[in-house]
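> So that we are looking at the same thing, I have put the structure below in structure tokens.
The values are calculated or read from the model by the stated rules, or taken from the named source; none is laboratory data. It should be emphasised that the depicted structure is a prediction, and the values quoted were computed from it without experimental measurement. Positions of Cβ are generated from backbone atoms using ideal geometry, with glycine treated the same way; all protein chains shown enter the neighbour counts. The protein model used for the area step is the full one, side chains on, heavy atoms only, and it has no ligands, DNA or RNA in it. Shrake-Rupley method; radii C 1.70, N 1.55, O 1.52, S 1.80 Å.
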Amino acid sequence: ADQTVAAALNGRSVVYLGTAANASSALAAVVLPGARWAESAGIVVNMDGRLQEFEQGVARHGNAREEWRILAELLSVTGAAEPPGSLKAVRADLGAAVGGADLNKLPARGFVAGGDAG
């Protein structure tokens, strides 16, 4: 899938935010390192298509920051949009975008947009 993404990005201005060099990061004009998945709290879409919450498992190394913080700082600098002030605010915005789910209070089994929340 990474090669497919890289092919779709070819010829475009790309800013890569991630933790590992790959075909997509090789195309980027700017590479921004973020915290690894275990160093952050967040939401993932599991194999069943459910949005599920995960907690930070280990301390971030050095000056590593969560991706949402990096993107908020970029928004702040560019003035393109009002940056979110917290992970809770990011989740509220994402929840509104996926049908009004409260992503700050996900059920234990996760949430399927437009489907079963239990």
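> Given the options ARG65, ARG91, ARG69, ARG50, name the one that is basic (Lys, Arg), open to solvent by less than 70 Å² (accessible area, probe 1.4 Å) and within 13 Å of the chain's Cα centre (by Cα).
Only one candidate qualifies: ARG91.
> Can you pull out every residue in segment 34-47 that is among the aliphatic types (A, V, I, L, M), open to solvent by less than 30 Å² (accessible area, probe 1.4 Å) and outside any loop (DSSP other than H, G, I, E, B)?
Passing the criteria: only ALA38.
> Which condition number does GLU39 fail, the rest of (1) within 30 Å of PRO107 (Cα to Cα); (2) charged (D, E, K, R); (3) in contact with a Leu (Cβ under 9 Å, 6 or more places away or on another chain) being met?
Among (1) within 30 Å of PRO107 (Cα to Cα); (2) charged (D, E, K, R); (3) in contact with a Leu (Cβ under 9 Å, 6 or more places away or on another chain), the lone unmet condition for GLU39 is (3).
> Taking only segment 28-41 into account, find how many residues are modelled with pLDDT of 85 or more and closer than 15 Å to VAL58 by Cβ.
So the answer is 7.
> Still on this model: For residues that are touching a residue at least 40 places away in the same chain (Cβ under 8 Å) and farther than 12 Å from GLU53 by Cβ, tally how many sit in segment 95-110.
1
> Condition check: assigned to a loop (DSSP other than H, G, I, E, B), open to solvent by 40 Å² or more (accessible area, probe 1.4 Å) and in contact (Cβ under 8 Å) with a residue 12 or more places away in the chain. Does GLY85 satisfy that?
yes
> Looking at VAL31, VAL58, which one is assigned to a loop (DSSP other than H, G, I, E, B) and surrounded by fewer than 17 Cβ atoms within 10 Å (Cβ to Cβ)?
VAL58
> In segment 1-24, how many residues are open to solvent by less than 60 Å² (accessible area, probe 1.4 Å), assigned to a loop (DSSP other than H, G, I, E, B) and closer than 29 Å to ALA92 by Cα?
Counting residues in segment 1-24 that are open to solvent by less than 60 Å² (accessible area, probe 1.4 Å), assigned to a loop (DSSP other than H, G, I, E, B) and closer than 29 Å to ALA92 by Cα gives 2.
> Those residues that are aliphatic (A, V, I, L, M) and within 21 Å of ASP93 (Cα to Cα), I need them from segment 25-59; list them, please.
Correct list: ALA41, ILE43, VAL44, VAL45, LEU51.
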